[in-house]
Amino acid sequence: MSKYFSISWIDKPVGPVAFGPENSKLNFELTEELVGCNKLPFDLMIKKVSQLKDSVEESNDLSDLNIIWEDYLPNNIGFALMSDRLKAIVDLHLTGQEDIDWINCKVWANATFKIYYILRFNRKLDVLDIENTKYIPNSNRILKPCYSLLKVNFYNVFHEELSDNLWQINIFIIISEKLKKDIQKGKLTGIEFGKVTVI
């Protein structure tokens, strides 16, 4: 049976995080503004974030970070922010059914920048196994999703089931085992894999 995995960035006690400008909007607020756009209208800046016992500390001093340019870069806006290496691997695995495109984003660190890519779904994908998905009682809010193999078999990348327009641009992405293996083979950084239920 085909396996699928969620991806997320690795939660490190100290690591790089890309920040938008002060008071910048979050992913769900930006989605409508980005319709038809292939470039983010603002740049991001990497800071070192240290998770302390009772607080979080931000610093512009990146000198003691082993890796600054993670392939899956944490950020404060809620984007799936991917390096060109990760984008290239994802592109190689697309079946053509996923209906995604990419938004370019300039990310700065130590007075230099790199282009990162934000994955955007252009069509809400029907992927749930409704009968086996667990919902909060008396609501349509999902407690534990279950995905239908018959439905997801057409995709190597798909989004979690999310309401409103949240499915379009977000960090809740699921990938096939083939794609996971190539990411691991390429030794891409910053990515953690989680299990998802597919039957």
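The values are calculated or read from the model by the stated rules, or taken from the named source; none is laboratory data. As the structure is a prediction and not an experimental result, all values here were calculated from the model. Because the Cβ atoms are built from the backbone with ideal geometry, glycine has one as well, and the counts that use them run over all protein chains shown. Accessible surface areas use protein heavy atoms only, side chains included; no ligands, DNA or RNA. Shrake-Rupley method; radii C 1.70, N 1.55, O 1.52, S 1.80 Å.
Each principal axis of the Cα cloud of region 1-103 was taken in turn, and the coordinate range along them, longest first, works out to 44, 37, 24 Å.
Do the alpha carbons of any pairs in LYS106/LYS195; LYS12/LYS124; LYS124/LYS144 sit beyond 27 Å of each other, and which pairs? In this structure, LYS106/LYS195; LYS12/LYS124 lie more than 27 Å apart at Cα. The gain in end-to-end length when the LYS39 to TRP108 segment is fully stretched comes to 23.3 nm, 0.36 nm per residue minus the alpha carbon separation.
Summing Lys and Arg as +1 and Asp and Glu as -1 over all other residues whose Cβ lies under 9 Å from the Cβ of VAL49 gives a net charge of +1. The structure shown yields Cα Rg over 2.2 N^0.38 Å, and of the options [x] 1.40; [y] 1.05; [z] 1.29 that calculated value carries the label [y]. Put a plus charge on the Cβ of each Lys and Arg, a minus charge on the Cβ of each Asp and Glu, and nothing anywhere else: the dipole of the chain about its Cα centre is then about 560 debye. Summary value for the chain: 30 percent relative contact order, contacts being C-alpha pairs under 8 angstrom separated by 6+ residues.
The stretch between SER50 and GLU131, if pulled fully straight at 0.36 nm per residue, gains 24.9 nm over its current Cα-Cα span. The residues of the chain expose on average 56 square angstrom of accessible surface per residue, using a 1.4 Å probe on protein heavy atoms.
A full extension of the chain between ASP99 and VAL14 corresponds to an added length of 27.1 nm, given 0.36 nm per residue minus the alpha carbon distance.
Sorted on the mean count of surrounding Cβ atoms within 10 Å across their residues, most packed first, peptides 75-82, 191-198 read 75-82, 191-198. Rounded to whole numbers, the Karplus 3J(HN,Hα) couplings from phi for region 115-120 are 8, 10, 10, 9, 7, 10 Hz, using 6.51 cos²θ - 1.76 cosθ + 1.60 with θ = phi - 60°, and x at Gly and Pro.
Net charge of the neighbourhood of VAL196, taken over other residues with C-beta under 14 Å away and scored Lys/Arg +1, Asp/Glu -1, is +1.
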